[in-house]
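> Submitted below is the structure of interest, expressed as structure tokens.
The values are calculated or read from the model by the stated rules, or taken from the named source; none is laboratory data. A quick note: this is a predicted structure, and the numbers were derived from the prediction, not measured. Counting neighbours? That spans all protein chains shown, and the Cβs are built from the backbone with ideal geometry, glycine included. Only protein heavy atoms, including side chains, enter the accessible area calculation; ligands, DNA and RNA are left aside. Shrake-Rupley method; radii C 1.70, N 1.55, O 1.52, S 1.80 Å.
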Amino acid sequence: MTMAGEIMSRPLLSLDGGSRVDEAIRFAREHGIEHVLVTEADDVVGIVSTATLGEAPGDDELRAHAGDAVDCVGVTADTDELARRLARSREGCVPVVAGGLLLGVVTRSDLER
């Protein structure tokens, strides 16, 4: 069975929660991504989609729009578990962690491939 570590997207792109929304929008466009992982001291504290960012004031801090607790998976999570988590995900992606380190992210597109 396929596992999260095999299909996750890399390199992992994230911004600090103190970054501004307009900076995050530019960042997402430059890198061709739809989800920005929001970090504080190397911990994932939220995820925000470009759709959400487009509705937010540009000078707001990113952390204000990053949502609630992040639902992460380990590298050995299988596709069934990933599908369940993605179905519950408001932002359409699930971060992959190991030993407290953020390694990648699985999106709906990753799972479909």
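> How many of the residues making up the range 94-108 are over 13 Å from V44 (Cα atoms) and either of a type in the set (V, I, T) or in a strand (DSSP E or B) (or both)?
2
> Could you tell me whether the range 34-57 includes any residue that is open to solvent by 60 Å² or more (accessible area, probe 1.4 Å), at pLDDT 90 or above, farther than 13 Å from L102 by Cβ and in contact with a Gly (Cβ under 7 Å, 6 or more places away or on another chain)?
Scanning the range 34-57, I find no residue that is open to solvent by 60 Å² or more (accessible area, probe 1.4 Å), at pLDDT 90 or above, farther than 13 Å from L102 by Cβ and in contact with a Gly (Cβ under 7 Å, 6 or more places away or on another chain), so the answer is no.
> Where the second residue is open to solvent by 50 Å² or more (accessible area, probe 1.4 Å) and at pLDDT 85 or above and the first is under 18 Å from G32 (Cα atoms) and lies in the range 83-110, which pairs have Cβ atoms under 7 Å and are six or more apart or on separate chains?
Correct list of pairs: G92/R108.
> Among the residues of the range 64-79, is there at least one that is in contact (Cβ under 8 Å) with a residue 24 or more places away in the chain and in a helix (DSSP H, G or I)?
There is at least one residue in the range 64-79 that is in contact (Cβ under 8 Å) with a residue 24 or more places away in the chain and in a helix (DSSP H, G or I).
> Now for a separate question. Report the residue count in the range 1-54 for those that are touching a residue at least 60 places away in the same chain (Cβ under 8 Å) and among the aliphatic types (A, V, I, L, M).
7
> Tally up the residues in the range 3-31 that are at pLDDT below 90 and assigned to a loop (DSSP other than H, G, I, E, B), please.
Within the range 3-31, residues that are at pLDDT below 90 and assigned to a loop (DSSP other than H, G, I, E, B) number 4.
> Any idea which residue in the range 2-33 is most open to solvent (accessible area, probe 1.4 Å), counting only those that are small (G, A, S) and farther than 16 Å from L101 by Cα?
G32
> Restricting attention to the range 58-85, report how many residues are surrounded by fewer than 19 Cβ atoms within 10 Å (Cβ to Cβ), among the aliphatic types (A, V, I, L, M) and under 21 Å from E6 (Cα atoms).
Total meeting the criteria: 2.
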